[in-house]
Structures are given as structure tokens and as C-alpha cells.
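Single-structure report; data block below.
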Amino acid sequence: DAGITQSPRHKVTETGTPVTLRCHQTENHRYMYWYRQDPGHGLRLIHYSYGVKDTDKGEVSDGYSVSRSKTEDFLLTLESATSSQTSVYFCATVAGGPNEQYFGPGTRLTVT
Amino acid sequence: QKEVEQNSGPLSVPEGAIASLNCTYSDRGSQSFFWYRQYSGKSPELIMSIYSNGDKEDGRFTAQLNKASQYVSLLIRDSQPSDSATYLCAAGNNNAGNMLTFGGGTRLMVKP
């Protein structure tokens, strides 16, 4: 599992509130990714990081920001949550062979 | 737009049969290909990676890659009810931040 944990595992929040999800890894991996998974859309990349303070946008980055101040932590922030951001969020890192991504357990976020 | 296409299924096979899962990709620059298994409510689990044309076998699983046809497949021999899950195909381009593009997944049902 590449030593990845995510917190919280479940969260219910109200529209308009800020939310931060945390991804923590213990194996010093350089690359980290945030995905969301929705029925009918599969896994879609939100943001990724290729090192401390180095991040870039993915396919569905609008409404999300990220930060990586330490190798082990990659934070995903919803500045003002909307119902369309209700989803399951997965963090991943690259380990093993080229491009081999391993996923954390996921966070189920519900925005009411 | 890079795309990975899979039949959503469900693909239903009897126990002990061979399950054949297929995937096509649009980006000719893709250099790495992966199959993930995802049980309901769980995170994707990497089961096979393939980087060159031909077959790669690991236990009951065989991945097949044909870059000329932009086609990847996964064969599961002696299918078991525990193989029932959604299988995600992913393609990676080493020049793009180690990012992966995922297909929508094929749901496999193995009937006892």
C-alpha cells in the first residue's frame, strides 16, 4: 500500500465551508496525486506534486488547491465546498516501477 | 484529450472460466500500462503492469499489450468468485509527470 494514509476517512460538511483532506506517506516518495472518483466518470486527476512545494494541475482542478510543505504530506483544500464536490477522494504515490501508482484508502466526502 | 476506453460491463463468467477484459487508448505516446482491481467501497489495487509489446504473466493473470493497435487486455484464468470486482485500465506517459489516464472500468462478475 506504499505506506499511505488518508484523513479523515469520512466527512460530511455543508455547502460553503472550507475542507482540507490530508494524505500522508511514510516512504519518502517524490510524486503524490489527488484523484476523485465518481460514478460514470472513473478516476480523475485533481492535482499532483513532484516534490516539496512543486505542484501542478490535473484534469479537474477548479475549486481545489493543494500544498506540499513536507515530503510526507500532501493536502487537498476545498476553499468553499459545493455539492458537486461530493465524491470519493483518493491519494496516490509512485513506487516500484515507472509510473506505478499505489493508492491510499480514500476519503468519502459528502457536501450537503 | 487523452482517453482510455473500457466496456463498463458487467462481464459475467462462470467460475473456472477465463475472463477477458479489454482496453484501448488514444495517446500514442503512452509507454506504460496498468490494470487495477477495485472492490466495492475500496481503493484501486495494482495487479499488473506492462511496458512492452507481448504478454506478461503473473499467476492467474496475463496482461497483453499491442502498441500498434493501441490495445491492452487482461486475462484471468480459472476465475473465482473472489475475482468479482471492477477492473480499471490505465495508461501512462513518462513525459507528463508520471500521470496516468484511467478508463472507466469494467465490472466483472464470476458466478459460482
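Read-outs throughout are calculated quantities, based only on the coordinates presented, and are distinct from any laboratory measurement. Predicted model, so just to flag it, every value in this text is computed and none were measured. Reconstructed Cβ throughout: ideal geometry from the backbone, glycine too, with neighbour counts over all protein chains shown.
Assorted remarks:
- Cα lying deepest toward the dipole's positive end in the protein assembly as shown, options A:Pro8, A:Thr93, B:Leu11, charges on Cβ: A:Pro8
- The charge dipole of chain A, taken about its Cα centre with unit charges on the Cβ of Lys, Arg, Asp and Glu (plus for the first two, minus for the last two), comes to roughly 160 debye.
- Formal net charge of residues neighbouring B:Asn95 (Cβ-Cβ distance under 15 Å; K, R +1; D, E -1): 0
- In this structure, the amide hydrogen of B:Gly9, modeled 1.01 Å from its nitrogen in the peptide plane, lies closer than 5 angstrom to those of B:Arg107, counting only residues at least 5 positions away or on a different chain.
- Note: relative contact order over chain B, using C-alpha pairs below 8 Å and six or more positions apart, is 38 percent.
- Average Cα contact separation per residue, chain A, under 8 Å, 6 or more apart, as relative contact order %: 36 percent
- Under-5 Å amide H pairs with B:Ala85, H placed in peptide plane, nonlocal only: B:Leu108
- 3J(HN,Hα) from dihedral phi, the stretch B:60-67, Karplus parametrisation 6.51/-1.76/1.60, rounded to Hz, x for glycine, proline: 7, 9, 10, 9, 10, 10, 10, 5
- Taken about its Cα centre, chain B carries a charge dipole of roughly 120 debye when the Cβ of each Lys and Arg holds +1 and the Cβ of each Asp and Glu holds -1.
- For the residues of B:29-38, the average number of beta carbons from a partner chain within 10 Å of their own beta carbon is 2.
- Computed from the Cβ-Cβ distance with R0 of 25 Å, the FRET efficiency linking B:Tyr71 to B:Asn95 stands at 0.70.
- Candidate lysines - alpha carbon under 19 Å from A:Lys57, same-chain residues fewer than 8 apart omitted: A:Lys70, B:Lys2
- Here the protein assembly as shown is treated with +1 on each Lys and Arg Cβ and -1 on each Asp and Glu Cβ, and its dipole about the Cα centre works out to around 160 debye.
- In straight-distance terms, cross-link reach from A:Lys11 covers every one of the lysines whose alpha-carbon lies under 18 Å from its own, apart from those fewer than eight places away in the same chain; here that gives B:Lys42.
- The modelled label-to-label distance for the pair A:Asp73/A:Arg22, using points 7 Å beyond Cα in the direction of Cβ, is 0.6 nm.
- Cβ crowding within 10 Å ranks A:Ser67, A:Ser83, A:Ser49 as A:Ser83, A:Ser67, A:Ser49, fewest other Cβ atoms first.
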